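Just below is one structure, and these are the notes that go with it.
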Amino acid sequence: MKKILCTLTLAMLLALSFATAAYASASNAGLDYVTDAAGLLTASDMAQLQPYAKQVSEEYSCGIYIVIVEDYSDYTYGDVRDCAEEIYTEYDLGFGASRDGVLLLLSMAERDYALIAYGDFANAAFTDYGKEVLADAFLDDFRNDNWCFGFEDYIEKSASMLEQAKNGTPLDVPYGSGGSSSVKRISPGAKIVFIVVVPCVISALVCLIFALSMKTARRRETAEEYVGSGDVNLRVKQDNYTHTTVSRTPLPKQSSSGGRGGGTSISSSGFSGRSGKF
Amino acid sequence: MATQVTNYQCPACTGPLHFVGGTGKLECEYCGSAFPVQEIEALYEEKLGASAAATAKKQAEQKRQTAEEKDGWGEDEAHMRVYSCPSCGAELICDESTAATSCPYCGNPSIVPGQFSGALRPDYIIPFKYSKKDAIAKLNSYYKGKKFLPKSFTSDNHMEEIKGVYVPFWLFSGTADADMRFKATRTHSYTTRDERITKTEHYDIRRAGTVRYERIPVDGSSKMPDTHMEAIEPFDYSAIVPFSTAYMPGFMADKYDVTAQASVQRSDERAARTAEKLISSTVSGYVTCVPVAKDVRLNRSDTKYALMPVWMLSTKWNGKNFLFAMNGQTGKLIGDLPISAAKVLAWFAGIAAPLMAISAAVIFLIS
């Protein structure tokens, strides 16, 4: 029952979004590019994000979608990623015959997110590593509740990745590197540290060791040499347990398999994706 | 008239005797004869006893005379004593604490009677094991490999002036009762699908016990820097013997001028820290262990007076004094050497420059 009510609510929001027909996507999708069922975004945010997402989607023939809900569990019995996939399927999102598109779903109740891609071009453009980089682009903003900035970063970075894929070089892990896809540039400050500071520190340490060998007259603070091996008699030895404290540290979410080996892990349903907390 | 010191003379040729650490005997410089310590000791026992009585009387007379004389040496003369060398008759002027020296005119080793008699007699002595030649060789090798040592220091350093000195020490024995409390923790961690869980177990620890210490040495001479005397420790007490002046010819010696009462505080400090360290070391098996309370009580049982062998060289260079001390029994050598600023800069640049070049090349290749 709850699921039906939520679906109806979402449908009403769709109806409202149809009032701004200029923003309807060319993909015959049943959802707009930006759907806010949680009331997170202001009208001006929507006015800013909708055309931006539309422009990028049409330029690359790949839908860029944002869906915000109060609680994903109102829409699905699975997890947040299942919810995103169901929305994508149910509302027939995506461009072209292969329904290419990428969807970012935010669930505000527990601050969960899901980032999924569908279609040959979208899965090629948004590799497992690429989704990790894309998530890094907006998660910092969301953690600080900068919603509009976060979504802007999402659309901007998606555009960049689609451009790379269009040029035949999708953002991915280089083969065999096991690490970042491109070597990070070294800042001038870091260069100065490596070239000047580190050698000076090493040289200073070596000189200090030499200098210490020049001064050997030191007072002795203890006198263990004058205590025989049997001259320590322990009378009291008490080890009393008092209490236990427990600390828990969340583990960073890792991308689905194959992230570090390159490429995109695609499920049997045709989706690739990642999820986590923000 | 000056008090006459005692020279240990060879029974065979009356040449001067000196103690040789390598053989443990007194050897004659002229005829090469060697005599066991006990033999010479017995020979001179009566002679030293008579000299000691005469010395005490003469010293009292000297003090009265110098107080009356109008032309004195000022404040210093109260701490000076005059002795006459039995070999050449020269007058030796020494510090009041000097107990053994050598005549600057004829070189004969001289023992000042009375400095080690009665209540002033040391309980023990550790004889010299390393000779002057050994000490000079050790000093030479100490200088080698010192990268920052100015070149002129070794050439201006008059190593032949190194002197063997029996330094007076107080040896303190006793027990230290320590009662200490700690806060300690043990941790273990494991990882679930979503988080890393760390469990920390907290403990209150108590350790109490007794640490017995034997013969912690504290030097009893105000002329010897305490830092140097502690730095050349430890002494090997397996070689300690009852005191005899027969071990002293060829070396200098002073009697103590810092009393046991003034020295005991240093021994107490070291004994207390030792007890804390040894009791703390019985706490094991914890990731962290922080002391929160301690109570250390000392019970001194015994105080002895001993003479320890030290080779010493005092050098003046560039207006500064540098003192080297070598443990005459174990050969441990310590001392502060001057540092050449030019050499420091040269080494610093010599290490830093190639490293900078290598770092720059690596950065260039990476970029």
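Note on exposure: B:Arg297, B:Arg207, B:Arg273, B:Arg181 ranked by accessible area (1.4 Å probe, complete protein assembly) read B:Arg297, B:Arg181, B:Arg273, B:Arg207, with the most exposed listed first. Neighbouring Cβ atoms from other chains, within 10 Å of the Cβ of residues in B:331-342, number 2 on average.
Backbone phi angles across region A:216-233, fed through the Karplus curve with coefficients 6.51, -1.76 and 1.60 (θ = phi - 60°), yield HN-Hα couplings of 10, 7, 9, 6, 9, 8, 10, 9, 5, 5, 9, 10, x, 5, x, 9, 10, 10 Hz in residue order; Gly and Pro are listed as x. Ordered by 1.4 Å accessible area with all protein chains kept, A:Asp45, A:Asp128 run largest first as A:Asp45, A:Asp128. Averaged over the residues of B:352-365, the number of partner chain Cβ atoms lying within 10 Å of the residue Cβ comes to 4.
Placing +1 on each Lys and Arg Cβ and -1 on each Asp and Glu Cβ, with no other charges, gives region A:92-177 a dipole about its Cα centre of roughly 180 debye. For the peptide A:228-238, the mean number of other protein chain Cβ atoms found within 10 angstrom of a residue's Cβ is 6. Taking all protein chains together, A:Lys54, B:Lys163 sort by accessible area into B:Lys163, A:Lys54, largest first [probe 1.4 Å].
Take the residue pairs A:Lys54/A:Lys157; B:Lys163/B:Lys343; B:Lys151/B:Lys223; B:Lys129/B:Lys304; B:Lys138/B:Lys332; B:Lys255/B:Lys304 and return only those whose Cα atoms are more than 19 Å apart.
With Cα atoms farther than 19 Å apart: B:Lys163/B:Lys343; B:Lys151/B:Lys223; B:Lys129/B:Lys304.
Taking a ≥ b ≥ c as the square roots of the eigenvalues of the Cα gyration tensor, region B:248-367 is oblate, since a/c reaches 1.5 or more and a/b is not larger than b/c. In this structure B:Asp236 has an accessible area near 70 Å², from a 1.4 Å probe over the protein heavy atoms. Computed about its Cα centre, the charge dipole of region A:25-129 is approximately 320 debye, with only Lys, Arg, Asp and Glu carrying charge at their Cβ.
Take B:His188: with every protein chain present and a 1.4 Å probe, its accessible area is about 90 Å². Comparing Cα centroids, region B:160-175 and region A:64-126 end up 86 angstrom apart. Sequence-distant or interchain residues sharing an amide H contact under 5 Å with B:Gly220, placed H: which? Amide H neighbours of B:Gly220, under 5 Å, 5+ apart: B:Phe169, B:Trp170.
The calculated pair-distance distribution of region B:197-265 uses every alpha carbon pair, bins of 5 angstrom beginning at 0, and gives 3, 9, 13, 19, 18, 8, 5, 5, 5, 5, 4, 3, 2, 1, 0 percent. Reported to the nearest whole Å, the Cα centre-to-centre distance from region A:201-233 to region B:180-239 is 15. Exceedance of the 23 Å cut-off in Cα-Cα distance is limited, within the set A:Lys166/A:Lys191; B:Lys146/B:Lys316; B:Lys147/B:Lys316, to A:Lys166/A:Lys191.
With the cut-off at 1.5 for a/c, could you classify region A:180-253 from its C-alpha gyration tensor as rounded, prolate or oblate? Oblate is the answer for region A:180-253, as a/c is 1.5 or above yet b/c matches or exceeds a/b. Distances between placed amide hydrogens fall under 5 Å for A:Phe95 paired with A:Gly63, A:Asp100, A:Gly101, all partners being 5 or more residues away or on another chain. Of all aspartates and glutamates in the structure, those lying under 12 Å Cα to Cα from B:Lys132, and not within fewer than 8 positions of it along the same chain, are B:Glu160, B:Glu161. Only protein heavy atoms count here; under a 1.4 Å probe, B:Arg186 has an accessible surface of about 90 Å².
Packing-based ranking of B:245-255, A:226-236, A:107-117, B:168-178 yields B:245-255, B:168-178, A:107-117, A:226-236, ordered from highest to lowest mean Cβ neighbour count within 10 Å. Counting Lys and Arg as +1 and Asp and Glu as -1 over every other residue whose Cβ lies under 12 Å from the Cβ of B:Asp257, the net charge comes to -2.
The values are calculated or read from the model by the stated rules, or taken from the named source; none is laboratory data. The model shown is predicted, which means the values in this text are computed figures rather than measured ones. All Cβ positions, glycine included, derive from the backbone under ideal geometry; neighbour counts span all protein chains shown. Quick note on the areas: whole protein, heavy atoms, side chains included, nothing else; ligands and nucleic acids left out. Shrake-Rupley method; radii C 1.70, N 1.55, O 1.52, S 1.80 Å.
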